Amino acid sequence: MERSHPAEAGHLLVVDDNKVNRLLLGRGLEQHGHSVEFAENGVRALEMLREGRFDLVLLDIMMPELDGYQVLEQLTTEPDLRDIPVIMTSANDELDSVVRCIEMGAEDFLVKPPNPVLLKARIGASLEKKRLRDQQRALIRRFATPEVAEELLANGFELGGKYVNASAMFSDIRGFTSIAESQSPTDTIELLNTYYTLMFDAISGQGGTVNQMVGDGLMAIFGAPVPHADHPLRAVRAALEMVELVQLFNQGQSAQGKAPIQIGIGIASGRVIAGFTGTQSRATYTCVGDTVNLAARLEAHTKVLGHPILIDENTWQGLGGEIPAIEQEATQLRGKSAAVRVFAVPLPTASPEPQGPR
Amino acid sequence: MPEPPVDMPTLQNLVATTDAAFVQELIEAFLEDGREQIAAMRQSLASGDVQAFQRAAHSLKSSSASLGALGFSSQAKELEQLAKQGSLEEAPEGLERVAAAFPAIEQSLREFGHGA
């Protein structure tokens, strides 16, 4: 039998009290290029899972010491082991037990002795799903605070969308194109990296999640995926910190004779449609809806008004007077039939920053 | 014609998809395991441990089927079913039938091993 592509190979644990089954399963898996370890019972299996890194477990149901049900139950309670996919291996007359295992969180099942084609297909599918989940987890770790990531990982990913109340934020660098043209590509990328690091710190410090980065712009969401009732307040606090961090950053820039940057931020609060969207190559937390569009329009409007932070009426109400905001002239924004109330959040120290050159 | 103790196509297919040395290893594992499981069943029957009896019968059913001992596997399955229903009353008779069938299985498997 030919070996499959090593890129799809995984490190697998076969748990079975019967040596014939262990040999047969092990052989079939090794023929597909996987590396395999064996445990003779559930107790040993859990020990090995806690010690090593496994991509997949093939688990027998009826075993001495700890049976397959007990192993499954234990796996779901341990955060480090919870996401390892489990394929039940069973006799063809115990399908009712298999159903129970799948309800308990097992991913799939194989009848022993396994048909080689089915074995290859099911292992391949499970490893692919695990790879996607790991990728999604890595993305979430990168884009969210550790708390958000933990919350998400604990409660699983809801791939369907749902309505949530949240604050959406858009931010970008004013006149970035001319900055990029006036310096070397290396300096531009370094500038962007520093900028993103600062913005991420400010946003995650307030429990927000950055869910989009395009060029010099970013979108963040507050109040989702982890609900925070005070999401407008958190979003505005983050915005103030972002502007402040940029000012500090500019002091360093001018000391090195480099161009300062200015940012504009728009925030809107209300109902958004939120959810995880995933494909084979990319998975992200996405928010869409009128509220999101309004935040983007307000961000664009900062150029017109010369205020770095503009918020909508809902966000202003959500501040409850804790952070002062000054109402601007109501304005007709693209995509809105009626004029929209707009509020500027002044910086605590000085008058609004002048806008940089386009 | 009585059913042969071991289904040869099953074994031949195993050799074709793996190799003769591996099948020999499987046979040795099964013979050792089979004797142990039969002993375990006798012991659990004596002590009235229904669960241990069921587990041993289950294990025997599964490994014997893998090596083509299909009739033997059904007998082990009957024992497993008895235990699953919670009663070992009829088990002694069935267990002795299984134990009596084992040497013929062993002989067939060894003959196959030497021929392969």
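The values are calculated or read from the model by the stated rules, or taken from the named source; none is laboratory data. Fair warning: this is a prediction, and the values are worked out from it, not measured in the lab. A quick note on method: Cβ atoms are made from the backbone with ideal geometry, for glycine too, and the neighbour counts reach across all protein chains shown.
Brief remarks on what is shown
- Taking the conditions (1) part of a helix (DSSP H, G or I); (2) under 31 Å from the mean Cα position of the chain (by Cα) in turn, A:Ile87 satisfies each one other than (1).
- Filtered by the rule that a residue be of a type in the set (Val, Ile, Thr), more than 29 Å from A:Gly223 (Cα to Cα) and surrounded by 13 or more Cβ atoms within 10 Å (Cβ to Cβ), segment A:179-206 gives A:Ile179, A:Thr188.
- Criterion violated by A:Glu30 - all others in (1) in contact with a strand residue (DSSP E or B) (Cβ under 9 Å, 6 or more places away or on another chain); (2) at pLDDT 90 or above; (3) under 19 Å from A:Cys101 (Cα atoms) satisfied: (3)
- Some residue of segment A:32-42 being over 21 Å from B:Thr17 (Cα atoms) and either at the interface with chain B (Cβ under 10 Å from one of its Cβ atoms) or among the aliphatic types (A, V, I, L, M) (or both): yes
- When the test is whether a residue is of a type outside the set (Val, Ile, Thr), more than 11 Å from chain A (Cβ to nearest Cβ), within 16 Å of B:Glu111 (Cα to Cα) and touching a Ser or Thr at 6+ places or on another chain (Cβ under 8 Å), B:Pro4 passes it.
- Entirely in segment A:220-329, the helices (runs of 4 or more DSSP H) that have 2 or more residues that are hydroxyl-bearing (Ser, Thr, Tyr) and touching a residue at least 24 places away in the same chain (Cβ under 8 Å): A:290-305
- Selected residue (only one of B:Ala65, B:Ala52 is surrounded by fewer than 22 Cβ atoms within 10 Å (Cβ to Cβ), modelled with pLDDT under 95 and within 10 Å of another protein chain (Cβ to nearest Cβ)): B:Ala52
- Selection count, segment B:16-30, where residues are closer than 19 Å to B:Pro103 by Cβ, more than 7 Å from chain A (Cβ to nearest Cβ) and either of a type in the set (Ser, Thr, Tyr) or without any contact (Cβ under 8 Å) to a residue 60 or more places away in the chain (or both): 1
- Of the residues A:Glu8, A:Glu51, the single one that is under 34 Å from the mean Cα position of the chain (by Cα), over 26 Å from A:Arg100 (Cα atoms) and at pLDDT below 90 is A:Glu8.
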